[in-house]
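Q: Before I ask anything, here is the structure I am working with.
FYI, it's all coordinate maths here, none of it is from the lab. The shown structure was predicted, so the numbers you read here are calculated from the model rather than taken from an experiment. Cβ: placed from backbone, ideal geometry, glycine included. Neighbour counts: every protein chain shown.
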Amino acid sequence: MVSTAYAGAEAPDRHRAPSARADFTIAQDWSAYSGEEHETWRLLFHRQEAVLEHRACREFLAGMRDLGVAADTIPDFQRLNDVLHNATRWSIVAVPGLVPDAIFFDHLAHRRFPSTCFIRRRDQLDYLQEPDVFHDIFGHVPMLMNPVFADYMEAYGKGGLKALHLGALHHLARLYWYTVEFGLIATSEGLRIYGSGIVSSKGESVYCLEDPRPNRIGFGLMRVMRTRYRIDDYQQTYFVIDSFDQLFEATRPDFTPYYAELAGLSEIGPSDILPGDRVLHRGIPGG
Ligand code: PHE
Ligand code: FE
């Protein structure tokens, strides 16, 4: 999730320019995007729109609709902010890539979502390990239009600053990973996606719901914070919440005693299933 270094080892361009500001924000410089870059956005957008119609949760789809994210060009953050700030008092700030943990959490705690500006190359449409503007905006911002999720993200930022001081960030990072990035939600129409890492990936949007290989397990806070994750491939386990209220309520308590308890508990591998798990689907490795 968060790391002090960002992976883009390529030659820096205008949308990767190092920041001069202490909070790592930069100007989006919207007019500097090329026609080809806008075209990459358009391709990604239309692909995902089709894939997500019956796969993303209604909160995501409603957020997307209400934001009015441009389908044909990389969005101008300023325009999105007019709508977003009015809806939930969140705003998007531009950053050059992954930022230090404390900076990232401080932005979230103040209802600012740090977004990258650069867009992936045309040969990277299907997979990119680092976040780009498509992942950050298309993936994350629609959920920030939802009042409950908007509050969850702010609380997460505050919790992140605390976890940092308690040396428990690896536990809290797993919560972000398995909810914000790769979360599923149970609905009356079946499982739906809300995780931004999934909704910004065509392959994983199908895989997480329809492939027999990954586990799908009912969300448990301590369970998730014990579970390692992989960043180099589709997930082997998805955790399923029943509602955003459930997620918000489960994470409301002070985590300090949880971290103390976690320090004495063993870690769980990304594909492991435990006796107490509420298993909705047991993965079939390689199947
Ligand atoms: N309640 C958590 C704490 O005290 C903070 C938190 C909120 C973490 C929401 C994650 C999500 O540390
Ligand atoms: Fe992300």
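Q: How big is the Cα convex hull of the stretch 192-253 in projection, averaged over all directions, in nm²?
A: 4.5
Q: On a C-alpha basis, how far is the centre of the stretch 46-83 from the centre of the stretch 131-152 in Å? Whole number, if you could?
A: 10
Q: Let me have the 222 nm mean residue ellipticity of the chain computed from DSSP H runs of 4+ only, each contributing -39500 (n - 2.57), with the sum over all residues rounded to the nearest 500.
A: That calculation yields -11500 deg cm²/dmol at 222 nm.
Q: I've got another one for you. For the stretch 75-197, rounded, prolate or oblate, judged on the Cα gyration tensor with a ≥ b ≥ c (square roots of eigenvalues), a/c < 1.5 rounded, else prolate if a/b > b/c?
A: Judged from the Cα gyration tensor, the stretch 75-197 comes out rounded (a/c under 1.5).
Q: Using alpha-carbon pairs under 8 Å, 6+ residues apart, how would you state the relative contact order of the stretch 20-91 in percent?
A: Value for the stretch 20-91: 34 percent.
Q: Oh, and also: Take the Cα coordinates of the stretch 91-158, assign each an equal point scatterer, and use the Debye formula without solvent to give log10 I(q)/I(0) at q = 0.16, 0.19, 0.21 Å⁻¹.
A: -0.55, -0.74, -0.87
Q: Further question on the same structure: How long are the semi-axes of the equivalent ellipsoid of the stretch 151-287, taking √(5λ) for every eigenvalue λ of the Cα gyration tensor, in whole Å from largest down?
A: Here the semi-axes work out to 24, 17, 14 Å.
Q: Further, regarding this structure: Taking the Cα-to-Cβ direction at Arg58 and at Ala32 and moving 7 Å from each Cα, how far apart do the two end points lie in nm?
A: 4.2
Q: Cα convex hull of the chain: how many Å³ per residue?
A: 127
Q: Amide H neighbours of Tyr238 under 5 Å, at least 5 residues apart or on other chains, H built in the peptide plane: list them.
A: Under 5 Å from the amide H of Tyr238: Asn215, Arg216, Ile217.
Q: Starting from the Cα-Cα distance between Ser271 and Asp233, subtract it from 0.36 nm times their residue separation and give me the gain in nm to one decimal.
A: 12.4 nm
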